[in-house]
Amino acid sequence: MIEVERLTKRYGPAVAVGDVSFACRPGTVTGFLGPNGAGKSTTMRMICGLTPASSGTATVLGVPFRSLPNPGRHVGVLLDASAQHAGRTGRETLALTARLLGVPSSRADELLETVGLAGKPAGRRVGDYSLGMRQRLGIAQALVGDPSVLILDEPANGLDPEGIYWMRTLLRGFADRGGTVLLSSHLLHEVEAVADTLVVIAGGRVVASGTKSELLAPTGRTLVRALDPAALYTALVSAGLTVIRREPPTSDGTGEGFVVEAPAEAVGRAAAASGAVLVELRQASGGGLEELFLTLTGRQAAGAVPSVPSSAPQEVLR
Amino acid sequence: MTVLDLTQAPARPPLARLALVELRKMTDTRAGRWLLAIIALAAAAAVAVFIGVRPADEQSAGQLFGLSQIGVGLLLPVVGILAVTGEWSQRTALTTFALVPQRLRVLAAKVLAAVVLASGFVLLGLALAWLGRLVGGVLGLSSGAWGIPLHAIGSLLLVEIATALIGVAFGTLLMNTPVAIVLYFVLPTAWTTVGSMVKPLRNASAWLDTNRAFEPLNGETPATGTEWARAGTAVALWLVVPMLVGAYRLLHREVK
């Protein structure tokens, strides 16, 4: 359980985090999304009592983090995988944490096994670790105290696809056993596979939040492409269907596509009636969140926005 | 929602455990181990060289003990500095203060660990002194007294502890390894130099310069009341003030 209430951090006149509120419930994974510099890390540091908040409150398990007598026994924190002493071995790093938290040192070896660093890597100095190995060590360190809450800042950074899959499985299992997970990322696809709830932050403010099914709900729109886009367009319009957006041609040479405000069957019938040969017919991808997120991260290719309805990003604003 | 029952929650780690963890952190990195090994070697080398080059009747265990601590006094503060600044340069502060949010408890643990380490080197010095006297005697090179006056052990122990803690204080105040190490070595020397050149400062420097103020405590003759007062004043300036200002900074700074 994490509750963040109107958390704000100002640096002089600059507002790094403004009025951020959200809650993470037991049994769920909350994805904390936003472009780099959006205020994710600052928010997480404020939750952990490392950065003093200018105003607002944050509680973990119902109490301020700093009031937890032995925080590591309740909350596993990984704020930066690179923030480890380079001259210490992986095993020693975990053994130190176990000693500090008052859990058996056997926990260190157990976790080295869990995160796949057992054997040779355990005895190597962290300075010789790859970023992916440091993430694994950091996750192990967060788990030493057998916490019920996990706070992880960009834990997928530096992990290979297999590592990302492993981490998802681990976090899913943790939440399914009743744990609370808050993890941040600047990549939507990284968290959408594992998160139940999403909080999107940009410029220090929450711009969207809700369950994944709410935010990524199918829109009832259909994406369609045909060999002859012009003929398809005429067919759609004459069938009385509303084309709400044009999609740019794909890289493999398929022509312009259309997003239609109608189910796939209606679109398919209209095309069939006109004799247009379809090469793609599917549900248009999830809601405005992806668009919003792409806009925020500035990844939308220039010119690829022919006619985004001006209402689209606001759909998810609350 | 269920709020955590703090009375049932696992207790906060006792200070002794934190101190043991900090002590372990000073010794479990490669750099830390090398530094400690070099200090121990310097102590042994000083004793060995003295036995080799000085007349036999000068070679008392007390004399050898004092010698063993020269290198210790020089390098132990670096261990103290690194114990604090390492948290910032290696950025382990993120973990340290997330696990122990009461930052002053961490600082207290580091102070205790430095005291233990300083005491350990004094013990090592005693062992080296008697071992040196024994070997010197067997080789026919040493003929001085075996006894080491208790007050000499006590005052040197205090000097070593103060020296180590000055390192911790500098590290806490400056939070930056190179700056803390350079200033630690440059400031007192600059002070000594200025103090010896500028007449009005000469009297003050006897009170405020650790090099001069600690000097009488290293000898085999007991220090006088004035000499203790001078050492205390120097400790206040170089240890207490930076430690307090550093603690204030530590409490208020953002950990990232």
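The values are calculated or read from the model by the stated rules, or taken from the named source; none is laboratory data. A quick note: this is a predicted structure, and the numbers were derived from the prediction, not measured. We place every Cβ from the backbone using ideal geometry, glycine too, and count neighbours over all the protein chains shown.
State all residues of the range A:213-245 that are part of a helix (DSSP H, G or I) and at pLDDT below 85; if no residue qualifies, say none.
Start the filter on the range A:213-245 by keeping residues that are part of a helix (DSSP H, G or I), which leaves A:213-215, A:229-238.
The answer is A:SER213, A:GLU214, A:LEU215.
Scanning the range A:101-123 for residues that are within 15 Å of B:LEU20 (Cα to Cα) and assigned to a helix (DSSP H, G or I) yields one hit, A:LEU101. What residue, of B:GLY66, B:GLY80, B:GLY86, is in contact (Cβ under 8 Å) with a residue 40 or more places away in the chain and facing chain A (nearest Cβ under 9 Å)? Matching residue, one of B:GLY66, B:GLY80, B:GLY86: B:GLY86.
For the range B:95-115, the set of residues classified as at the interface with chain A (Cβ under 8 Å from one of its Cβ atoms) and within 16 Å of A:ARG88 (Cα to Cα) consists of B:THR95 only. Here the condition is being over 16 Å from the mean Cα position of the chain (by Cα) and more than 10 Å from chain A (Cβ to nearest Cβ); of B:ALA16, B:ALA9, B:ALA31, it holds for B:ALA16 alone.
Conditions (1) crowded, with 17+ Cβ neighbours inside 10 Å; (2) over 30 Å from A:GLY18 (Cα atoms); (3) in the same structural domain as A:GLU154 (by TED's automatic domain parsing), marked per residue:
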residue	(1), (2), (3)
A:ALA195	yes, no, yes
A:ILE201	yes, no, yes
A:ALA230	no, yes, no
A:LEU236	yes, yes, no
A:PRO248	no, yes, no
A:VAL259	yes, yes, no
A:GLU265	no, yes, no
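Of B:ALA190, B:ALA236, B:ALA162, B:ALA204, all but one fail to be in contact with a helix residue (DSSP H, G or I) (Cβ under 6 Å, 6 or more places away or on another chain) and either among the small types (Gly, Ala, Ser) or at pLDDT 95 or above (or both); the exception is B:ALA162. A:SER285 passes all but one of (1) farther than 15 Å from A:ARG221 by Cα; (2) at pLDDT below 85; (3) assigned to a loop (DSSP other than H, G, I, E, B); which number fails? Against the list (1) farther than 15 Å from A:ARG221 by Cα; (2) at pLDDT below 85; (3) assigned to a loop (DSSP other than H, G, I, E, B), A:SER285 comes up short only on (1).
Taking every residue in the range A:30-43 that is within 14 Å of another protein chain (Cβ to nearest Cβ) and closer than 12 Å to A:LEU182 by Cβ and pairing it with any residue that is of a type in the set (S, T, N, Q) and buried (at least 24 other Cβ atoms within 10 Å of the Cβ), at least 6 positions away or on another chain, the pairs with Cβ-Cβ distances below 6 Å are A:LYS40/A:SER184. A:ALA98 meets all of the listed conditions (1) touching a helix residue (DSSP H, G or I) at 6+ places or on another chain (Cβ under 8 Å); (2) small (Gly, Ala, Ser); (3) in a loop (DSSP other than H, G, I, E, B); (4) closer than 28 Å to A:VAL63 by Cβ but one, namely (3).
Screening A:SER55 against (1) touching a residue at least 60 places away in the same chain (Cβ under 8 Å); (2) more than 7 Å from chain B (Cβ to nearest Cβ); (3) farther than 28 Å from A:ILE164 by Cα leaves a single unmet condition, (1).
Looking across B:MET243, B:MET175, B:MET197, one residue alone is at pLDDT 80 or above and at positive phi. It is B:MET175. Inspection of the range B:214-224 finds no residue satisfying the criterion of being crowded, with 18+ Cβ neighbours inside 10 Å, under 21 Å from the mean Cα position of the chain (by Cα), away from chain A (no Cβ under 14 Å) and more than 29 Å from B:VAL53 (Cβ to Cβ).
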